[in-house]
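Data first, discussion second: the structure below is written as structure tokens.
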Amino acid sequence: MSTSAPLIPSPLPHHIAIIMDGNNRYGKAQGLGPGAGHIAGKDALDPIVEYCREVGIEVLTVFAFSSENWQRPPAEVALLMQLLALTINEQLPRMQKYEIQLRFIGDRSLLSEELRVLMADAEAQTAHHTAMTLVIAISYGGQWDIAHAAQQLAQQVLDGQLTVADINKEKLSEYVQLADAPAVDMLIRTGGDYRLSNFLLWQSAYAELFFTDTLWPQFSVAELATMVTEFGQRQRRFGKASEQVEMPSV
Ligand code: M2E
């Protein structure tokens, strides 16, 4: 972690989510071998985590592997799975040292037993940390998340623990991933596309969206800090008209 404390923008987002896109294009542009872009992408995360922890972001969630990524070439999927295991082992000592809670969201049934054990152990070893929460979305999709929550509620109705009338957005919010975390209030996508790509659809209902052409391995703390500053300056209306919302005091 750096020694000079960064200027802290205000108000801060409570929960930043990042779609880390651009690894493959970065690798090709740099003339690197297959998978090298993902390795560069892995290493790009550390300074971002460090900045978020230092300025006081409560939760940082990153999209490491989506439900749709299973359709990528088998060799790339295998490499990403290996890279995930390597990264968890690499990151765990840092999480311990900086008291960061490590959590994973996504459909674990599609993952290897080895990766599932590694994830569960990392979560158990860091569950008591309070400096910040780093969430890694692996085999995750927003539509899977909502369907998975609906399935659990339907089972509770069948089991007589719930009535159909009990099911509303508050109840559903208790069953989606990260139910105990603050809603995503800032969602960033690198790599130049303007899509949510099925990431945290429920949790990001009111998120401020930020897009950048920067490829993920080249995304810097400076660019993130600029975005976080802009977040603080945006008028946030939550569906109300401008006249109903106080402009933030200068
Ligand atoms: C990550 C995974 O493209 C992905 C390759 C693996 C590393 N990565 C990017 C991650 O997002 C696990 C942890 Cl513990 C941290 C970061």
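The values are calculated or read from the model by the stated rules, or taken from the named source; none is laboratory data. Given the structure is predicted, the values throughout are model-derived calculations rather than measurements. In this analysis, Cβ positions are derived from the backbone assuming ideal geometry, glycine residues included, and neighbour counts consider all displayed protein chains. For the accessible areas, the whole protein counts, side chains as well, though only heavy atoms, and no ligand, DNA or RNA atoms are used. Shrake-Rupley method; radii C 1.70, N 1.55, O 1.52, S 1.80 Å.
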Report task. Would you be so kind as to identify which of T61, A181, Q125 lies farthest towards the positive end of the dipole of the chain, taking Lys and Arg as +1 and Asp and Glu as -1 on Cβ and the Cα centre as origin? Result -> T61
Query raised in the report: Counting alpha carbon pairs within less than 8 Å and at least 6 residues apart, what relative contact order, in whole percent, applies to the chain?
Result: 28
Query raised in the report: Can you give the charge dipole size of the stretch 55-189 about its Cα centre, rounded to the nearest 20 debye, using +1 on the beta carbon of Lys and Arg and -1 on the beta carbon of Asp and Glu?
Result: 260
Query raised in the report: With the radius of gyration and the Kirkwood radius both derived from the Cα set of the chain, what is their ratio Rg to Rh?
Result: 0.97
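Roughly to the nearest percent, how much of the accessible area of the stretch 112-183 is carbon and sulfur, given a 1.4 Å probe?
54
Run the helix sum for the chain: -39,500 (n - 2.57) per DSSP H stretch of 4+ residues, divided by residue count, reported at 222 nm to the nearest 500 deg cm²/dmol. Numbers along the way, then the final one.
On the way: 7 runs with 100 residues, N = 250.
Roughly -13000 deg cm²/dmol at 222 nm, from the helical runs in the chain.
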Query raised in the report: Leaving out ligands, DNA and RNA but keeping every protein chain, what accessible area does S204 have, in Å² rounded to the nearest 10, with a 1.4 Å probe?
Result: 20
Query raised in the report: Around I48, with a cut-off of 12 angstrom between Cβ atoms, what is the net charge of the other residues, counting Lys and Arg +1 and Asp and Glu -1?
Result: -3
Report summary line: By accessible area (1.4 Å), largest first, E230, E123, E170 order as E170, E230, E123
